[in-house]
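The values are calculated or read from the model by the stated rules, or taken from the named source; none is laboratory data. Note that the structure is a prediction, hence the values are computed from the model and not measured. Note: ideal-geometry Cβ built from the backbone for every residue, glycine included; neighbour counts use all protein chains shown.
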Amino acid sequence: MSPTKQNGGRDRVSRGSRRKKPKALVNLNREQRAVVTHPPGKILVIAGAGTGKTRVLTRRVAFLIEARDVQPESILPITLTNKAAREMIGRLRKLCGAEIAERIQAGTFHGTCARILRSHHALIGRSSQFQIYDESDARRVIRRALTEEEVAWIKPSVVQHEISANKHHAVPLEQYAAVAADRTSQIVARVWGEYERELTRADALDFDDLLLRTVELLRANTDIRTGYRERWQHILVDEYQDTNPTQARLLRVLADRDFMAVGDDKQVIFGFRLADVRLILDFEKEYRDAYVFTLQENYRNSPQILQAANRLIAHNRVQRPMTLVPTRETEDGPEIAVHFANSDVDEARWVAARIQRFIEQGVQEREIAVLARDKDVVECIERGLAGAGISYQSIGPRGFFKRTEVRAAIAHLRLLIDPRNEETFALALGLRPRVGDISVAKIIAYAQRNNLTLLEAASAVDLIPGIRDRQARENTRTFAYQMLAFARAARC
């Protein structure tokens, strides 16, 4: 790609213009300004760490509204997580005002797809209020579908990953089952079929389905596809390096006119969710007329950190060349120290000792942070800090809705609304003492054979063969009677 094409359109709005500078362009450096003001088209922004990638994305949204008179409803900013989406919306409120920001349909890939599918639910065989199974829900369904003999052969997590990987590559169950020759793939094919039947019975989709079904819906229905292309004429995607093949196909279907992707091939962290770095590396192959910008000026780190990062990243075999540089205002920082520990316990003790030394030198505890990606490492460091008598606050590793007690409460409420939902029934009943997966599976099978709700089947547990444990039957019966009473009271 020629330098002219890469840098085309830079500062076109401001050159020769005497009117007041748009608010969206205030305090931007030259590279950021070039991205924000570039004419509509296919744009890739390679933004290194700390170079302002979210800033240029939100500023471009504001610029489109402020300087190009684009309607907020026609702009679709997309990111990967709900937390990032909330941050994006917060920035847009400050830039555009709350009233305009509320008209911008910013969100995640999954949230956007859920809105589309609920609007056309009849075409996917679900109700408009379909449930969404997360990864934990899916894993429990798969575990129940596996026999004990199969669990000894293959882990439920492996089955789940295989199903998810095939969905992401748009491989249908029928095709997978047709070529399943070895025992592992045959088990996956059978369980996959059970899993899909459970999703249908529960009026549910999983995270993979949200993406896959949306792509299929848009490809199969020209009028619907055209309608969304007309609605969202400007699509902007954050963290593009962490997109997966299905998300890329969705963007290919939706992005008809103005599409900007922002990311950094050195910051891929969602590989375990099938993120494919080749999508950002081969962007120009996918979009032949794309313009490419690079943001290299780092506002976050000291020269010492940037130098170490650049030298480390230089070893990447496949990458887009880029060297992070500090701003002129960035002050020097301390040299980087590297410590090799023999175990997690030794590492935690070393961290605690370093922190204790900082505190003795007058550093406030609130000015010290320990970063780790793995929750097991965090827990080990917590024990090390507690052992050293250092107070701390743990942030982030445990999501509220992933707590066992919260999931259990939500499962009970869902079961009151939908007494045929097998996943929520299994989670709620499985909390009762002596009620195991096998007993739950027998009750579900009994309900299916006799066309009963799961609570009705559980109340008739004495008629179900194979549940021999007296305490399990009594606990199941009590659970069913209580839930049925709650359901009656809720309807009154």
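Listed here are the residues, each with its yes/no results for (1) touching a Phe, Trp or Tyr at 6+ places or on another chain (Cβ under 9 Å); (2) at pLDDT below 95; (3) not charged (D, E, K, R).
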| site | (1), (2), (3) |
| --- | --- |
| R86 | no, yes, no |
| G90 | no, yes, yes |
| F109 | no, no, yes |
| H121 | yes, no, yes |
| A138 | yes, yes, yes |
| H169 | no, yes, yes |
(request) Of the conditions (1) assigned to a helix (DSSP H, G or I); (2) in contact with a Lys or Arg (Cβ under 9 Å, 6 or more places away or on another chain); (3) without any contact (Cβ under 8 Å) to a residue 40 or more places away in the chain; (4) surrounded by fewer than 19 Cβ atoms within 10 Å (Cβ to Cβ), V36 clears all except one; give me its number. (result) (4)
(message) I want to confirm something. Restricting to the stretch 200-253 and keeping residues that are assigned to a helix (DSSP H, G or I) and in contact with a strand residue (DSSP E or B) (Cβ under 6 Å, 6 or more places away or on another chain), which single residue is surrounded by the most Cβ atoms within 10 Å (Cβ to Cβ)?
(response) Y240
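To keep it simple, each residue is scored yes or no on (1) among the small types (G, A, S); (2) surrounded by fewer than 16 Cβ atoms within 10 Å (Cβ to Cβ); (3) modelled with pLDDT under 90.
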| residue | (1), (2), (3) |
| --- | --- |
| L385 | no, no, no |
| A408 | yes, yes, yes |
| I443 | no, no, no |
| S459 | yes, no, no |
| G466 | yes, yes, yes |
(request) Considering only the stretch 124-148, state which residues are closer than 14 Å to D437 by Cβ and either part of a helix (DSSP H, G or I) or of a type in the set (V, I, T) (or both). (result) R139, R140, V141, I142, R143, R144, A145, T147, E148
(request) Please tell me if E456 is under 25 Å from Y195 (Cβ atoms), of a type in the set (D, E, K, R), in a helix (DSSP H, G or I) and without any contact (Cβ under 8 Å) to a residue 60 or more places away in the chain. (result) yes
(message) Tell me whether the stretch 427-435 contains one or more residues that are free of Cβ contacts under 8 Å to residues at least 40 places away in the same chain, outside any helix (DSSP H, G or I) and not aliphatic (A, V, I, L, M).
(response) yes
(request) Looking at (1) at pLDDT below 95; (2) touching an Asp or Glu at 6+ places or on another chain (Cβ under 7 Å), find the lone condition where L173 falls short. (result) (1)
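Could you tell me which of the residues R407, R434, R491 is charged (D, E, K, R) and under 19 Å from E135 (Cα atoms)?
Answer to the check: R407.
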(message) I'd like to know if the stretch 238-260 contains one or more residues that are within 23 Å of V159 (Cβ to Cβ), of a type in the set (A, V, I, L, M), out of contact with any His (no Cβ under 6 Å at 6 or more places or on another chain) and in contact (Cβ under 8 Å) with a residue 40 or more places away in the chain.
(response) no
(request) Kindly provide the set of residues from the stretch 101-123 that are assigned to a helix (DSSP H, G or I), among the polar types (S, T, N, Q) and more than 17 Å from the chain's Cα centre (by Cα), ordered by number. (result) S119
(request) Determine which member of the set R477, R488 is of a type in the set (K, R), out of contact with any Phe, Trp or Tyr (no Cβ under 9 Å at 6 or more places or on another chain), at pLDDT 90 or above and surrounded by fewer than 17 Cβ atoms within 10 Å (Cβ to Cβ). (result) R477
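Here is a yes/no grid of residues against (1) of a type in the set (D, E); (2) surrounded by fewer than 23 Cβ atoms within 10 Å (Cβ to Cβ); (3) in a helix (DSSP H, G or I); (4) in the same structural domain as Q233 (by TED's automatic domain parsing):
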{"residue": "V56", "(1), (2), (3), (4)": "no, no, yes, yes"}
{"residue": "V61", "(1), (2), (3), (4)": "no, no, yes, yes"}
{"residue": "D69", "(1), (2), (3), (4)": "yes, yes, no, yes"}
{"residue": "I78", "(1), (2), (3), (4)": "no, no, no, yes"}
{"residue": "A84", "(1), (2), (3), (4)": "no, yes, yes, yes"}
{"residue": "G90", "(1), (2), (3), (4)": "no, yes, yes, yes"}
{"residue": "R93", "(1), (2), (3), (4)": "no, yes, yes, yes"}
{"residue": "E99", "(1), (2), (3), (4)": "yes, yes, yes, yes"}
(message) Take the conditions modelled with pLDDT of 90 or more and crowded, with 17+ Cβ neighbours inside 10 Å and apply them to G52. Does it pass?
(response) yes
(request) Looking only at the stretch 184-192, decide whether some residue is at pLDDT 95 or above, among the aromatic types (F, W, Y) and closer than 30 Å to V262 by Cα. (result) no
(request) Would you check if A314 is under 25 Å from F272 (Cα atoms), without any contact (Cβ under 8 Å) to a residue 24 or more places away in the chain and surrounded by 15 or more Cβ atoms within 10 Å (Cβ to Cβ)? (result) no
